[in-house]
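The values are calculated or read from the model by the stated rules, or taken from the named source; none is laboratory data. This one's a predicted model, so the numbers in the text were calculated from it and none came from an experiment. A quick note on method: Cβ atoms are made from the backbone with ideal geometry, for glycine too, and the neighbour counts reach across all protein chains shown. With ligands, DNA and RNA removed, areas are computed over all heavy atoms of the protein, side chains included. Shrake-Rupley method; radii C 1.70, N 1.55, O 1.52, S 1.80 Å.
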Amino acid sequence: MAERNEFAVVTGASSGIGFELARQFATNGYDLLIVAEQDGIEQAAADLRRDGGVQVTAVRADLATYDGVEKVYAAIRTSGRPVDAIALNAGRGIGGDFVRQTGLAEELNVIDVNVTSTVHLAKRVLPDMVARNAGQVLFTSSVASMMPGTYQAVYNASKSFVQSFAEALRAELKDTGVTVTSLMPGPTDTNFFERAGMQDTKVGAGEKDDPALVAKQGFEAMRKDKEKVVAGSLKTRVQGAASKVMPDKAKAEMHRRMAEPGSADQDAD
């Protein structure tokens, strides 16, 4: 029998970092199951099939719901294939003053997508990997996980959860054949800031990293079994290094200057 390609799952794969991660897997010979809530997931699958010459299954599911995550796991089981790698990348944000501007439903949706679905899908997929004593896991965290998120309070907190969760799982699984890596991008040129309502902020209007570069660095870190990688430009990597030594109060004030509503106009003035 012909040798089969390895099989990878990527969530949040219709665009941005998720699509570029899927492209990294495809060009390295992985068959794929890709997931997103948006209908663009079908076009993403078509593009990946054309560019990578691999099998790609698209699953449209709302990962903010329990049933949405279960739909993804059911699709994985239906494939009949072991998951060699999974990129738990789906995430979203919301910008604004937590008390006076943002809505509760929006903030809870951030938690459902970034935190709850990540834990839920990991709980389904990782036991299968451990049973086989093989598999690679890539969590998309963020440089934001390292600092208080003034005007992005829930988003940054959610990414701090993901970062801590990834590092804990890595420690728990160190004696198995399953590896865990966290990808920590900075501001990246995706639809994140538009969806978060942050186009009028300094960070939303500013220069951003190339998602293809971020994904390549994350994929390579996963393949090399690195604990984590601050990915993107030199500026982002310097910011990540600085965040290790800056006091939280200073980081919160720095984040305020980047994420305060209207700060893009103030910066222009």
Expected output is a single nm value to one decimal: the length gained when fully extending between residue 106 and residue 164, i.e. 0.36 nm times separation in residues minus the C-alpha distance. What is it? 18.6 nm
Given the whole protein assembly as supplied and a 1.4 Å probe, what does the accessible area of residue 216 come to in Å², nearest 10? 90 Å²
Scale the Cα Rg of region 29-155 by the rule-of-thumb value 2.2 N^0.38 Å and send over the ratio, two decimals. 1.18
Quick one: what are the phi-derived ³J(HN,Hα) couplings along region 182-189, Karplus 6.51/-1.76/1.60 with θ = phi - 60°, whole Hz, x for glycine and proline? 10, 9, 10, x, x, x, 10, 6
For a bin width of 5 Å, list the pair-distance distribution of region 156-229 built from all Cα-Cα distances, rounded to whole %. 3, 15, 19, 19, 19, 12, 8, 4, 2, 0
Direction-averaged shadow area of the convex hull around the Cα atoms of region 129-269, nm²? 8.9 nm²
Amide H neighbours of residue 188 under 5 Å, at least 5 residues apart or on other chains, H built in the peptide plane: list them. 209
Residue-averaged [θ]222 nm for the chain, counting only DSSP H segments that reach four residues, each worth -39500 (n - 2.57): -14500 deg cm²/dmol
Any DSSP H helix in the chain with Cα axial reach of 15 Å or more and mean Kyte-Doolittle score of at least -1.0? Listed by number, the hits are 16-27, 41-52, 66-79, 117-132, 153-172, 211-223
For a test of the definition: using alpha carbon positions, the gyration tensor, and the 1.5 limit on a/c, classify region 1-89 as rounded, prolate or oblate. oblate
For region 191-251, rounded, prolate or oblate, judged on the Cα gyration tensor with a ≥ b ≥ c (square roots of eigenvalues), a/c < 1.5 rounded, else prolate if a/b > b/c? oblate
Treat the chain as a sphere of radius equal to its Kirkwood radius over Cα pairs and apply Stokes-Einstein at 20 °C in a medium of 1.002 mPa s; give the translational diffusion coefficient in µm²/s, rounded to a whole number. 114 µm²/s
Please go through the residue pairs 202/251; 208/235; 123/224 and name each one whose alpha carbons sit more than 21 Å apart in this structure. 123/224
Only sites in a loop by DSSP and with at most 16 other Cβ atoms within 10 Å count here; which trypsin sites (Lys or Arg not before Pro) in region 83-135 make the cut? 100
Keeping every protein chain in place, order 151, 66, 30 by accessible area at 1.4 Å, biggest value first, i.e. largest first. 66, 151, 30
Trypsin sites (Lys or Arg not before Pro) restricted to DSSP loop in region 218-269 with at most 10 other C-beta within 10 Å: 224, 244
